[in-house]
1. Take residues that are within 26 Å of the chain's Cα centre (by Cα) and farther than 25 Å from residue 201 by Cα and tell me which of the helices (runs of 4 or more DSSP H) falling wholly in segment 57-174 contain 1 or more.
2. What are the residues in segment 515-535 that are at pLDDT below 95 and either of a type in the set (S, T, N, Q) or in a loop (DSSP other than H, G, I, E, B) (or both), if any?
3. Quick one: which strands (runs of 3 or more DSSP E) lie wholly within segment 434-505 and hold at least 3 residues that are within 25 Å of residue 579 (Cα to Cα)?
4. Which one of the conditions (1) at pLDDT below 95; (2) more than 30 Å from residue 569 (Cα to Cα) does residue 419 fail to meet, given that it meets all the rest?
5. Listed residues 262, 257, 250; which is of a type in the set (Gly, Ala, Ser), not assigned by TED's automatic domain parsing to the domain that holds residue 360 and not in a helix (DSSP H, G or I)?
6. If you scan segment 392-407, which residues turn out to be touching a strand residue (DSSP E or B) at 6+ places or on another chain (Cβ under 7 Å) and surrounded by fewer than 19 Cβ atoms within 10 Å (Cβ to Cβ)?
7. State yes or no: is residue 81 touching a strand residue (DSSP E or B) at 6+ places or on another chain (Cβ under 9 Å), closer than 30 Å to residue 521 by Cα and not aliphatic (A, V, I, L, M)?
Amino acid sequence: MRRAPSDAVLDELAKARILHPARDAVDRASAIVDADRALEGRFVTEDGTSVAFSWPFDAADLEQGPLDWSLAVAAFAIPDRLLKAYDATGELRYLDQAVEYVLAWQRFEASAWLPRGLMWNDHAIAERVYVLVDLWRSYRKHPRFDPERAKLLLVQAERCAIYLARPDHFTSATNHGVMQNLALMLVAIAMPGLPDAKRFFDVGRERFIRQLDFYVSRDGVVLEHSAGYHEFGLQLLRLARRYFELAGVAPPAGYDAMLERASHFLDAMRRPDGSLPLIGDTRATSRAAPATIRPGTSGETTAETPPERLTPAGRCLMSAVAGYSVWRTPLDGSPDTADQSQLVTLWSHFPGHGHKHADELSILLWADGQDWIANAGYWAYGDPDRGKAESWDGSNAPHLLGESPKAERSSELMGSSCSGQSAAIDLQRVTREGLRIRRQVVQISPVVWIVIDHAQGGTRTLVTNWTGFPGIDLENGPIRQSFRMKRATNGMVLDFAYAGSDAPALRPLRGSSDPFAGWVFMDHGPAAAPALRVEQAAGESWSAMIWVLNRTPSVFGVTEAPAVRWGGVETWSLSVGLPGGRVAIVRDHATITIGTTPPLQLMPPAVDVSAEQAKIAIAYAALKADFPIYRDLGRYRRRAAVAAIGLFALQVFILYTSSRRFRAVGRLMNWVTFIGWILVCVWLQMYYFAH
């Protein structure tokens with residue numbers, strides 16, 4: 001295996017990571033600093049926490065420190081950092097210490113009966129494979145190559161693959177299962193001399209193909225309720241495509257077309273500054289838009305950046321099955337993407353799929369390099385407020401006070417239209433309890449939107465948290481029920497005004513814990529942001545919100561309070577004063593008229609959404625039935641065993657004491673307890689642990 005695969009192929013394979021940064025994504029200076037720090041027994045986590053650990057490896061490190069450290073250490077973050085320093089400097093001391101660390105792990109794992117920390121976590125094991133492939137790439141060319149050490153490295157890789165291939169450890173429902181399958185294909189290609197290499201590849205490929213039926217929609221959207229996880233999922237899908245090519249195996253039919261649709265969706269989601277809208281577990285991180293690597297037809301890679309121009313016909317993207325709408329509008333009428341707005345509306349909900357927040361019908365607005373209307377975004381696992389961030393209050397979706405984020409519900413696209421500089425969308429969410437919420441969004445011009453909400457069937461207060469972004473201030477506007485969001489620096493502001501069916505409670509908040517509102521999770525933790533909490537009385541209600549992006553802050557963007565005539569959820573009219581004059585918007589069933597411009601005709605989805613979503617649900621249920629969700633009950637079972645032993649000892653003591661005084665009763669109690677323990681064991685093994 002020192003010659004196969006070729007150095008060029010192995011070098012390409014070994015660059016990739018799925019948890020740690022890719023090998024060529026870390027600059028030389030950072031790689032050296034991280035590696036030297038690791039050699040001193042120190043590790044800095046992603047959120048900046050410094051963790052001390054034993055060198056080279058101590059199993060106790062698996063069960064100490066923050067959660068992200070537990071995953072990092074189990075995913076070979078230490079040898080990964082040493083390898084990056086070796087690649088940057090060529091100094092063998094980094095490579096040798098990476099080998100020592102892995103061999104120390106190997107000795108521990110070979111003798112382990114039960115898992116400690118996240119050592120057998122699916123994500124961690126998959127990432128260990130990527131690090132081991134990179135380690136093998138370097139070690140097989142070591143000037144002091146030791147066959148015995150090499151054998152142990154290969155044994156460790158094989159051990160990981162065996163574990164990943166086990167049916168009872170396959171996480172079929174999420175991207176974790178995709179990562180497991182990719183790791184299996186990778187180890188088979190990178191280490192073809194392993195006895196079960198072909199089996200590893202076949203298992204990974206077959207399971208991966210089955211996952212595709214529910215992991216990606218027909219229009220190329222990764223169905224994990226997150227723009228960030230769509231970006232990550234696309235990276236995984238591209239890796240799989242390259243693995244198929246290197247293995248000489250044809251990809252599934254339509255795979256390349258699916259990749260192109262997924263790439264197009266990411267291009268629409270990604271802003272000019274490289275950031276993504278805060279949908280579900282998406283991180284609030286701005287960065288320069290990176291080039292993406294896509295496999296070429298003959299195996300080479302080509303760099304591709306997001307499109308630099310938008311055409312009027314292509315500024316609106318609709319994914320009716322996945323549940324997303326994206327409007328990108330040049331603010332000054334030119335197609336320059338650097339001066340545009342992006343408005344994303346979402347109603348995506350696939351029960352059981354990963355990274356879901358209660359956010360159906362929420363809206364996200366970005367313009368002039370700034371998030372103006374946002375959701376809480378990714379919130380660190382283990383943080384005590386993560387549950388709140390995942391709930392309805394973490395988004396601007398209308399909901400009932402105290403509504404459970406896990407309650408059964410459905411959302412659907414009622415109609416949409418996009419023409420010129422105008423657009424409209426109508427969405428509905430329905431619950432089993434009879435709550436029915438409609439949200440309509442109409443773009444009047446490149447800088448003006450209205451949001452119409454209607455609710456009926458609710459028995460509690462209707463709540464909407466309109467959240468801004470850290471660094472923005474919220475202040476009252478000059479007219480009744482109006483507000484302004486502005487940055488500390490001069491420039492564009494967002495002016496908005498409200499009208500409703502009753503006297504709402506409008507509460508400006510920032511960083512509020514009770515109620516939870518005004519938070520966005522940034523790189524190093526939660527950051528306070530401005531929020532306007534709108535509360536309307538129980539029962540049927542409607543409201544209208546007008547947003548105006550304003551580059552002339554000396555003039556408020558709404559000159560007169562909006563006037564609404566409500567005839568019903570599909571028959572209403574709104575008149576609002578803007579700096580250029582008063583504008584009337586009228587909805588008459590499927591027709592929306594904006595001033596004197598040609599009317600918008602709301603059209604239902606072009607595909608049978610229910611049928612497509614049913615196919616996804618069936619594929620998900622089928623794979624889940626074949627591979628039930630793995631639950632690591634080791635820690636619980638150890639605790640239960642200690643409790644059972646203690647209970648048994650107490651029982652023996654009681655029986656011994658009582659039998660000395662009442663012999664007949666003692667014999668009967670012995671038999672009763674003996675049979676009782678057998679029944680308890682049967683119940684635990686056959687029912688409790690099995691479910």
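The values are calculated or read from the model by the stated rules, or taken from the named source; none is laboratory data. Predicted model only: the values in this text are computed from it and were never measured. Ideal geometry is used to build each Cβ from the backbone, glycine not excepted, and the neighbour counts take in all protein chains shown.
1. 67-74, 77-89
2. Answer for segment 515-535, where residues must be at pLDDT below 95 and either of a type in the set (S, T, N, Q) or in a loop (DSSP other than H, G, I, E, B) (or both): 523, 524.
3. 436-445, 448-456, 472-476, 482-487, 493-500
4. Looking at each condition in turn, residue 419 falls short on (2).
5. The match here is 250.
6. Listed by number, the residues that qualify are 401, 407.
7. Yes; evaluated as a whole, the condition is true for this residue.
For every residue, the table says whether it meets (1) touching a Phe, Trp or Tyr at 6+ places or on another chain (Cβ under 8 Å); (2) of a type outside the set (Val, Ile, Thr); (3) surrounded by 14 or more Cβ atoms within 10 Å (Cβ to Cβ).
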residue	(1), (2), (3)
569	yes, no, yes
573	no, yes, yes
594	no, no, yes
606	no, yes, no
616	yes, no, yes
619	yes, yes, yes
623	yes, yes, yes
